[in-house]
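The values are calculated or read from the model by the stated rules, or taken from the named source; none is laboratory data. A quick note: this is a predicted structure, and the numbers were derived from the prediction, not measured. With ideal geometry, Cβ positions are generated from the backbone for all residues, glycine too; neighbour counts draw on all protein chains shown. Ligands, DNA and RNA are excluded from the accessible area calculation, which covers all protein heavy atoms including side chains. Shrake-Rupley method; radii C 1.70, N 1.55, O 1.52, S 1.80 Å.
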Amino acid sequence: MLMKKPFFLLFLLAISAMINAQDFQASALYSIKNLSQPENAQNYILTFDATTSVYQPEKSLPQDEVLYKNSSHLTRVQSKKWNAKSYLINDALIALDWKLESQTKVILGYSCQKATAQNGQIVAWFTPAIPTAQGPANYFGLPGLILEVATLKQHILCSHVQLLSQNKTPIQAPTIGQKITQKQWDELVKKK
């Protein structure tokens, strides 16, 4: 057991050094539990670099329910299907007014700091060791990867982070579907 600990620490240091390079790409696996139905957890994959990300269900077809975020341009593109038709929801990323807290905890071996938004109704834990402003779903804007988010309705937790040193692919917005705004999408699904 004592021999494993130094190797684990060396592994974490190596990963941190590789991530601190400007040209990195990584993926993170998240589990989302709706608190009203905790038994129906869903897994999502976030593929990201320093400024962009793609978030999609772990088991999905290309272009199904894909969320692209670009934190440097504050844009998002989300592909969705409605009545067998594909849509691309193009809109601005809406930044939360995060308040950094002093509490810390360790998630997956990463030292994380607590941040809150909307008067404490959203609690996030992020790690500055992974230099990106990305996170799961529509969450972004903290000085490190968001590994956990808790709201009154759901809990999102990262279970794995992997540096993609090979087979990097450009992180791009989905392109298939009729382009609409979030407001137009909301009106469309309301007509149901």
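Just a few scattered comments:
- Note on the stretch 69-95: residues that are open to solvent by 50 Å² or more (accessible area, probe 1.4 Å), under 15 Å from the mean Cα position of the chain (by Cα) and hydrophobic (A, V, I, L, M, F, W, C) total 3.
- Qualifying residue in the stretch 60-68 (condition: modelled with pLDDT under 80, under 19 Å from the mean Cα position of the chain (by Cα), part of a loop (DSSP other than H, G, I, E, B) and closer than 20 Å to Ala129 by Cα): no
- Selection within the stretch 44-65: residues that are touching a Lys or Arg at 6+ places or on another chain (Cβ under 9 Å) and crowded, with 18+ Cβ neighbours inside 10 Å. The member of this set that is farthest from Lys179 (Cα to Cα) is Asp49.
- Residue in the stretch 158-169 that is under 16 Å from the mean Cα position of the chain (by Cα) and farther than 20 Å from Gln56 by Cβ present: no
- Highlighted here are the strands (runs of 3 or more DSSP E) found entirely within the stretch 86-192 that include at least 3 residues which are in contact with a strand residue (DSSP E or B) (Cβ under 7 Å, 6 or more places away or on another chain), touching a residue at least 40 places away in the same chain (Cβ under 8 Å) and more than 26 Å from Phe24 (Cα to Cα): 178-180.
- Condition check for Ala117: of a type outside the set (S, T, N, Q), surrounded by 16 or more Cβ atoms within 10 Å (Cβ to Cβ) and over 15 Å from the mean Cα position of the chain (by Cα): yes
- Any hit, the stretch 134-147, residues being modelled with pLDDT under 90, surrounded by 14 or more Cβ atoms within 10 Å (Cβ to Cβ) and among the polar types (S, T, N, Q): no
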